[in-house]
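K.L.:
Quick one: structure below, then a few questions.
The values are calculated or read from the model by the stated rules, or taken from the named source; none is laboratory data. No experiment lies behind these values; they were computed from the predicted model shown. All Cβ positions, even for glycine, are placed from backbone atoms using ideal geometry, and neighbour counts span all protein chains on display. Accessible surface areas use protein heavy atoms only, side chains included; no ligands, DNA or RNA. Shrake-Rupley method; radii C 1.70, N 1.55, O 1.52, S 1.80 Å.
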Amino acid sequence: RPQPLIEVHDDADALATAVAGELLNRIADAQAAGQVPHIGLTGGSIAEAVHREIARLAPESGVDWGGVVIWFGDERFVPSDSPDRNINQARAAFLEEVGAFRVHSAPAADEVASAEESAASYADAFRAEGSGDFDVLMLGVGPDGHVASLFPGHPGLDATGAITVAVHDSPKPPPDRVSLTFEALNRAQSVWFLVSGEPKSDAVRRALADDGSIAETPARGVAGKAETIWFLDRPAASLI
Ligand code: 6PG
């Protein structure tokens, strides 16, 4: 796999603008080539900033949002109207505004009986839509190096042979989640890590230095088939 690319931006706002602009360009280019790009979104605060920039920049982008399929790297297993749902945050930040409607997330706690059932349903949707090879998969990174809902030393890391996993006792609330597994995440053509803030700087260092195990720094377990880009702000890049 190719070496990761690293972009360092002054601060979170500049980082969010750069990511949103690059994503819109990639989608427009794919559509100009007659493709229907599949994009993986992530939860978290830097993702929220990126989503708001997508809404701001979208009108000038030429993107046809009926020709984009949206997925989520993970989802929280909470009621469908909960503000903790990644899909609700993305809908409020840009999906509704741009009119994106081909959007898939793991079912909510008032739609299925368990996170396990939600994981199975999401996997079925994945197989049905023939996707999995995301054109671009965005992932936030936790201070502990987690990505999606794959946390250090957590049983969800070892879910081999599956493309989704139910996660309980998540160290980051809420406790119950559904996550794509490494197998699914690594089917992406391009993986973009979105990392802002000094608390993440050691996770970035460990991930880029190949320091320690994947179990210790789950971000180390994910790379794009064609490219991996680390979009960092200066504080997050302070140790590399
Ligand atoms: C989630 C996210 C999670 C997030 C990281 C980074 O559902 O919580 O998918 O993986 O991306 O925790 O979040 P911040 O950017 O807010 O630090």
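K.L.:
What are the residue pairs meeting all of these: first residue in the stretch 165-191, first residue farther than 12 Å from Gly73 by Cα and open to solvent by 10 Å² or more (accessible area, probe 1.4 Å), second residue within 11 Å of the ligand (Cβ to nearest atom) and among the acidic types (Asp, Glu), Cβ atoms under 8 Å, and 6 or more apart or on different chains?
P.N.:
What qualifies is Pro171/Asp144; Pro174/Asp84.
K.L.:
Which of the residues spanning the stretch 180-204 are charged (D, E, K, R) and not in a helix (DSSP H, G or I)?
P.N.:
Hit for the stretch 180-204 is Arg187, nothing else.
K.L.:
Taking the condition of being within 13 Å of the ligand (Cβ to nearest atom) and of a type outside the set (A, V, I, L, M), how many residues in the stretch 65-104 meet it?
P.N.:
Number satisfying all stated conditions: 14.
K.L.:
Restricting the stretch 78-102 to residues that are touching a residue at least 40 places away in the same chain (Cβ under 8 Å) and β-branched (Val, Ile, Thr), which is nearest to His38 (Cα to Cα)?
P.N.:
Val98
K.L.:
Moving on. Return yes or no: is Val63 at pLDDT 95 or above, open to solvent by 10 Å² or more (accessible area, probe 1.4 Å) and either touching a Lys or Arg at 6+ places or on another chain (Cβ under 7 Å) or of a type outside the set (Asp, Glu) (or both)?
P.N.:
It is true that Val63 is at pLDDT 95 or above, open to solvent by 10 Å² or more (accessible area, probe 1.4 Å) and either touching a Lys or Arg at 6+ places or on another chain (Cβ under 7 Å) or of a type outside the set (Asp, Glu) (or both).
K.L.:
Could I ask something else about it? Among the residues of the stretch 128-147, are any free of Cβ contacts under 8 Å to residues at least 40 places away in the same chain and acidic (Asp, Glu)?
P.N.:
Taking every residue of the stretch 128-147 in turn, none turns out to be free of Cβ contacts under 8 Å to residues at least 40 places away in the same chain and acidic (Asp, Glu).
K.L.:
Next question, about the same structure. Any residue in the stretch 4-18 that's polar (S, T, N, Q): show its pairings with residues that are surrounded by 15 or more Cβ atoms within 10 Å (Cβ to Cβ) at Cβ separation under 7 Å, as long as the two are six or more apart or on different chains.
P.N.:
Hits for this filter: Thr17/Glu53.
K.L.:
Could you please give the count of residues in the stretch 205-217 that are within 17 Å of Arg1 (Cβ to Cβ), outside any loop (DSSP other than H, G, I, E, B) and in contact with a helix residue (DSSP H, G or I) (Cβ under 8 Å, 6 or more places away or on another chain)?
P.N.:
Residues that pass the stated criteria total 1.
Rundown of residues vs (1) part of a loop (DSSP other than H, G, I, E, B); (2) farther than 21 Å from Asp135 by Cα, yes/no style:
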position	(1), (2)
Ser82	yes, yes
Ala90	no, no
Glu96	no, yes
Ala100	yes, no
Ser105	yes, no
Ala108	yes, yes
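K.L.:
Continuing with the same structure: Is the stretch 46-64 home to any residue that is within 13 Å of the ligand (Cβ to nearest atom), of a type in the set (Val, Ile, Thr) and part of a helix (DSSP H, G or I)?
P.N.:
There is at least one residue in the stretch 46-64 that is within 13 Å of the ligand (Cβ to nearest atom), of a type in the set (Val, Ile, Thr) and part of a helix (DSSP H, G or I).
K.L.:
Considering the stretch 188-204 alone, what residues qualify as being farther than 12 Å from Trp230 by Cβ, out of contact with any helix residue (DSSP H, G or I) (no Cβ under 9 Å at 6 or more places or on another chain) and either within 12 Å of the ligand (Cβ to nearest atom) or not polar (S, T, N, Q) (or both)?
P.N.:
Within the stretch 188-204, Ala188, Glu198, Pro199, Asp202 qualify.
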